[in-house]
Amino acid sequence: QVQLVESGGGLVQPGGSLRRSCAASGSIAEINTMRWYRQAPGEQRELVAYIGRGGSIDYADSVKGRFTISRDNAKNTVYLQMTSLAPEDTAVYYCTVDIRRLLTSTYVSYWGQGTQVSVSS
């Protein structure tokens with residue numbers, strides 16, 4: 001089994017910062033790409049950022065310069081540092097991780113439980 005556990009959401013004032021984390025555990029042989037998505041009420045799910053196993057990174061235009069994705073391979077954890085938060089960043093944030101389980105040969109995308117991030121004064 002594989003489990004993703006997210007932490008770090010909550011309520012923050014405009015201009016504030018939050019750090020999200022997502023830790024994978026279980027029968028993991030290898031982790032490839034790690035991603036953060038978000039979904040605001042009434043909106044489609046949006047890819048916020050991703051980081052490849054080799055460190056390649058990209059961001060949605062809406063968060064470039066404000067959000068930073070990083071990973072700690074020793075801890076099987078991906079982070080999302082969010083700064084200069086604005087009300088339009090309010091959404092449920094999800095991590096996804098492409099994992100190859102022990103004794104298997106293919107990668108499967110696992111999803112975290114999602115955590116609300118609310119930006120409001």
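Quick notes on this one:
- Meets criteria (open to solvent by less than 40 Å² (accessible area, probe 1.4 Å), out of contact with any Pro (no Cβ under 6 Å at 6 or more places or on another chain) and not hydroxyl-bearing (Ser, Thr, Tyr)) for GLU6: yes
- GLN3 passes every criterion in (1) outside any strand (DSSP E or B); (2) within 15 Å of the chain's Cα centre (by Cα) apart from (1).
- Odd one out for ALA23 among (1) touching a helix residue (DSSP H, G or I) at 6+ places or on another chain (Cβ under 8 Å); (2) farther than 21 Å from GLN1 by Cβ: (2)
- Selection status of ARG35, within 11 Å of VAL97 (Cβ to Cβ) and of a type in the set (Lys, Arg): yes
- Residue count for region 21-38, restricted to those that are over 26 Å from VAL117 (Cα atoms) and small (Gly, Ala, Ser): 3.
- Among residues that are surrounded by fewer than 17 Cβ atoms within 10 Å (Cβ to Cβ) and in contact with a Leu (Cβ under 8 Å, 6 or more places away or on another chain), SER109 is not included.
The values are calculated or read from the model by the stated rules, or taken from the named source; none is laboratory data. Computed from a prediction, not measured in an experiment: that's the story for all the values here. Virtual Cβ from ideal backbone geometry, glycine too; neighbours counted across all protein chains shown. Accessible surface areas use protein heavy atoms only, side chains included; no ligands, DNA or RNA. Shrake-Rupley method; radii C 1.70, N 1.55, O 1.52, S 1.80 Å.
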